[in-house]
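Heads up, the thing below is written out as structure tokens.
What follows draws every value from the coordinates through simple rules; no lab data is involved. Predicted model only: the values in this text are computed from it and were never measured. Here the Cβ is made from the backbone with ideal geometry for all residues, glycine too, and neighbour counts use every protein chain on show.
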Amino acid sequence: MTISTDVLIIGAGPSGLFAAFKAGQLELSARIVDSLPQAGGQLAELYPYKTISDVPGIPTIEAKSLVDNLLRQIEPFNISMHLGERVETLSALPDKTFELHTSSGSIVICRAIILAAGLGSFAPRKPDLAGIQLFENKGVEYAIHDIEKFRAKNLVIAGGGDSALDWSMQLATVAQRLCLVHRRSDFRGNPASAHKIKQMAAIGQLELLMNANVTRLGGAEYLEWVEITRPEGTIQVDCNYFMPLFGLSPKLGPISTWGFQIQKGNLCVNPATCQTKVPGVYAIGDLCTYEGKLKFILSGFQEAALAMHAAYSYLNGGKQAKIRYATD
Ligand SMILES: Cc1cc2nc3c(=O)[nH]c(=O)nc-3n(C[C@H](O)[C@H](O)[C@H](O)COP(=O)(O)OP(=O)(O)OC[C@H]3O[C@@H](n4cnc5c(N)ncnc54)[C@H](O)[C@@H]3O)c2cc1C
């Protein structure tokens, strides 16, 4: 199948979704491709139930509700979304268009590209535990999509970053018993979350084992227990699920082979336009870098606006888009 569009947006995270809104406002045709089966990027894949409290004008919102709102915001523009398709190749054609091929065989011809691919394809960092693959999807989970699955279950979470802290706080409210295991004596994640976890442990809402590591897993067919090693010795903890939440190893995948200037896994852009070194190709959100870059959702929104205005100008012989405010 060959598809033509003005702008192809790669990535349906918050940056890509807001870029689609800006494309609609500027009357550019746009499509979005994302390798995940659902829109929302990290918000949907990593922390759908976490409360976000740093989006201007929205005091608090669950991550999945923010995604729903972003999707509602682009509804009027009927932007097609190709989910579950990874963009594999990109080539610049002599007529200044681009040709991209996706994992499901679609070919997209477009005149500008917004790369909103975040961390790239999601690949969880897995612990080095003998036989762990035998229990994957049989009690070992690297991502949480449905809280209800964990209701009234015994859970062991390992990790000390935001993901481990956020999920421990959330799942402790539904689990029968939750034990958070962390190999250090302090947390890497948000200090406010770390404080809350310690408070929850103090009043028995969860168990907290610091300076501890999960060292073995066991069970007949499904996971039944984990072994936890601490300086004072080893204990066996019965559990239905073990969730090592050690973050994602950034895998840019095909994007890293497309010839962009890359610094520590991010694409270098001109901060005024978010253009990469290739005219007509822009990078926004967590994927892009420039001096002073902050990896926040709100940064991606601003970059989406800058990139789409720059793309408009690029596609219209240098003409600036009129600033339009939505009226109703
Ligand atoms: C646990 C946690 C909590 C956080 N909390 C906050 C918070 O409270 N406030 C805040 O501002 N930020 C928070 N962040 C950061 C925030 O999630 C990111 O800044 C934001 O998700 C970046 O959005 P994005 O659209 O640029 O990229 P992403 O959300 O990473 O989306 C990128 C999308 O691109 C897709 N993709 C990648 N490569 C391809 C390809 N080749 N083909 C097709 N699709 C592709 C991916 O599948 C993904 O869906 C948090 C992050 C984590 C991990």
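Dipole size in debye (nearest 20) for the stretch 132-244 around its Cα centre, Lys and Arg Cβ +1, Asp and Glu Cβ -1?
Working: 12 positive and 13 negative charges, 56 e Å.
Charge dipole, the stretch 132-244, about its Cα centre: 260 debye, nearest 20.
Before rounding to the nearest 500, sum -39500 (n - 2.57) across all DSSP H runs of length at least 4 in the chain and divide by the residue total; then give [θ] at 222 nm in deg cm²/dmol.
-6500 deg cm²/dmol
Tell me which of ASN154, ILE32, THR173 sits at the most positive position along the dipole axis of the chain, charges placed on C-beta atoms (Lys, Arg +1; Asp, Glu -1).
Positive-most Cα among the choices belongs to ILE32.
In the structure displayed, which of LYS50/LYS293; LYS64/LYS264; LYS153/LYS196; LYS50/LYS149 lie more than 25 Å apart, Cα to Cα? Walk me through the numbers on the way to the answer.
Values: LYS50/LYS293 23 Å; LYS64/LYS264 29 Å; LYS153/LYS196 22 Å; LYS50/LYS149 17 Å.
Checking Cα-Cα distances, LYS64/LYS264 exceed 25 Å.
Give the lysines reachable from LYS96 as a straight Cα distance under 22 Å; neighbours fewer than 8 places away on the same chain don't count.
LYS277, LYS319
Rg and Dmax of the chain over Cα atoms: what are they, in angstrom?
21.9, 70
What residue among ILE235, ILE262, ILE61 shows peak mean-square fluctuation when the chain is described by a Gaussian network model with Cα springs under 10 Å?
Comparing ILE235, ILE262, ILE61 in a Gaussian network model of the chain, the most mobile one is ILE235.
What's the exposure ranking of PHE122, PHE18, going from fewest to most Cβ atoms within 10 Å?
Numbers: PHE122 18, PHE18 26.
If I rank by nearby Cβ atoms, fewest first, I get PHE122, PHE18.
Could you work out how much longer the chain between GLU207 and LYS319 gets when fully extended? Use 0.36 nm per residue separation minus the Cα distance between them, nm to one decimal.
Details: separation 112, 0.36 × 112 = 40.32 nm, distance 6.03 nm.
Fully extending the segment from GLU207 to LYS319 adds 34.3 nm.
Quick one: CYS288, CYS110, fewest Cβ neighbours within 10 Å first, how do they rank? Could you put the intermediate results ahead of the total?
Working: CYS288 28, CYS110 22.
With the sparsest Cβ surroundings first, the list reads CYS110, CYS288.
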